[in-house]
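To start, the structure under review is shown below, and the notes come after it.
The values are calculated or read from the model by the stated rules, or taken from the named source; none is laboratory data. Just so it is clear, the model here is predicted, and its values are computed rather than measured. Virtual Cβ from ideal backbone geometry, glycine too; neighbours counted across all protein chains shown.
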Amino acid sequence: MIRFLSNVAYKPEIEVVLFSPSHGSLPKQKSRGGRMRVRIDLATAHLIPGEVAEELNCIPISQQGRVLMVGMARVNNLTTHRRLSELTGLRVRAVTATPREIRRAIAGIYA
């Protein structure tokens, strides 16, 4: 069973690829040629259980109102969007992250 770690030494960041500036307000770090490191809001991580994050290969990044920003390897996977939306009750906006970055983030946030 995967649990949420509330007090971890993990630096909650993930590298994502932004295709346009219309992704809303991401908690920004450094940008490199369309890729940037963003902070993962640990309070948002509880919205997607660790088992689901692992199964769908995604990681919640932040929440702005009724929109949940999620790092995903396959951002066009409508089944994943639908499932996350049903699970959280929020509209899902995906940003591209590598499977490796997602696995690293999952390992750092959930145990």
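Observations on the model:
- Qualifying residues in region 94-111 (those that are over 12 Å from E54 (Cα atoms) and among the aliphatic types (A, V, I, L, M)) - the one surrounded by the most Cβ atoms within 10 Å (Cβ to Cβ): A97
- Checking each residue in region 74-93 for being β-branched (V, I, T) and surrounded by fewer than 17 Cβ atoms within 10 Å (Cβ to Cβ) picks out only T79.
So that you can scan it fast, the table gives a plain yes or no per residue for (1) among the β-branched types (V, I, T); (2) in contact with a Phe, Trp or Tyr (Cβ under 9 Å, 6 or more places away or on another chain); (3) at pLDDT below 85:
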| position | (1), (2), (3) |
| --- | --- |
| L18 | no, no, yes |
| K30 | no, no, yes |
| R35 | no, no, yes |
| V38 | yes, no, yes |
| P49 | no, yes, no |
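- I59 being β-branched (V, I, T), crowded, with 20+ Cβ neighbours inside 10 Å and assigned to a loop (DSSP other than H, G, I, E, B): no
- Count - residues of region 62-104 that are over 9 Å from the mean Cα position of the chain (by Cα), closer than 18 Å to M36 by Cα and either among the aliphatic types (A, V, I, L, M) or part of a helix (DSSP H, G or I) (or both): 7
- Output for region 40-51, where each listed residue is among the hydrophobic types (A, V, I, L, M, F, W, C) and buried (at least 16 other Cβ atoms within 10 Å of the Cβ): I40, L42, A45, L47, I48
- Tabulated pairs, region 39-53, first under 11 Å from Y110 (Cβ atoms), second at pLDDT 85 or above and hydroxyl-bearing (S, T, Y), C-beta under 7 angstrom, 6+ apart or interchain: I48/T88; G50/Y110; A53/Y110
- Candidates L68, L90 - the one that is touching a Pro at 6+ places or on another chain (Cβ under 8 Å) and at pLDDT 90 or above: L68
- Qualifying residue in region 71-81 (condition: hydrophobic (A, V, I, L, M, F, W, C), out of contact with any strand residue (DSSP E or B) (no Cβ under 7 Å at 6 or more places or on another chain) and closer than 15 Å to A107 by Cβ): no
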